[in-house]
């Protein structure tokens, strides 16, 4: 009897039925996200963490379904100095000049340790693509009236709450915010709804992490070969596998 009571006390609450207007808003957000099948662009990235700033420029490749990415940071002589590749299972970071590489799971916990935000690989790809990926299997979804950023939906999960501000006509996300154990906020550079993304800023409320990404000459849905996303680290490179 005591075991039954304990189990009931710790069980997750059943999902609250989603109102039709909130369901329609989520559908528009998802439709806009999936309208981008792939992205190829030059990218300028600035990462500020711990009082230090790191600037990288190179080539970004993204694919939404299945989610995958590849970024090659280039030297002034156009040779790779850092390569990052990821898919739903793992993320590989190859520091070319130091002849070493790291392989981690594409999980929120692993990304929190090396990236500084607790987001899964699919969420990271969506943000880089200028899109919002709604929280999967929320227990509650609520549509809020418009504020200065526009209308928004709040999705409540087990240990996180996600809020997405969006354009009510196109479903284009304007800002995404996560609150809970590992809060963060992403703000998208405004573009026409059917245009390629122009950039995104990702930051934590305490200012410990600030990432700014700007795209140059982005090409959307060009249909590039998915094999370009694959990364095979040479055998002579020192690899630390944390999977």
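The values are calculated or read from the model by the stated rules, or taken from the named source; none is laboratory data. Please read all numbers here as calculations on a predicted model, not as lab measurements. As a convention, Cβ positions derive from the backbone with ideal geometry for all residues, glycine included, and neighbour counts pool all protein chains shown.
Looking only at residues in region 125-148 that are within 19 Å of residue 204 (Cβ to Cβ) and in contact with a strand residue (DSSP E or B) (Cβ under 7 Å, 6 or more places away or on another chain), which one is surrounded by the most Cβ atoms within 10 Å (Cβ to Cβ)?
Let us first name the residues in region 125-148 that are within 19 Å of residue 204 (Cβ to Cβ), namely 126-128, 132-133, 135.
Those left that are additionally in contact with a strand residue (DSSP E or B) (Cβ under 7 Å, 6 or more places away or on another chain): 127-128, 132, 135.
Details: 127: 24, 128: 24, 132: 27, 135: 23.
Among them, the one singled out is 132.
Looking only at residues that are part of a strand (DSSP E or B) and touching a residue at least 24 places away in the same chain (Cβ under 8 Å) in region 119-144, which one is farthest from residue 220 (Cα to Cα)? If you could, list the steps in order and put the result at the bottom.
Here is the first cut: in region 119-144, the residues part of a strand (DSSP E or B) are 140-144.
The next check asks that each one be touching a residue at least 24 places away in the same chain (Cβ under 8 Å); those that pass are 140-143.
Working: 140: 33, 141: 31, 142: 31, 143: 30 Å.
Going through the qualifying residues, I end up with 140.
Considering every residue within region 152-162, establish whether at least one is farther than 18 Å from residue 205 by Cα and in a loop (DSSP other than H, G, I, E, B).
yes
Would you mention how many residues in region 55-79 are part of a strand (DSSP E or B) and either closer than 18 Å to residue 227 by Cα or modelled with pLDDT under 95 (or both)?
Taking region 55-79 as the starting set, the residues that turn out to be part of a strand (DSSP E or B) are 55-63, 68-74.
Going one step further and asking which of them are either closer than 18 Å to residue 227 by Cα or modelled with pLDDT under 95 (or both), we end up with 59-63, 68-72.
The total comes to 10.
Quick check on my filter: what residues within region 180-204 are farther than 23 Å from residue 168 by Cα, part of a loop (DSSP other than H, G, I, E, B) and out of contact with any helix residue (DSSP H, G or I) (no Cβ under 7 Å at 6 or more places or on another chain)?
181, 183, 204
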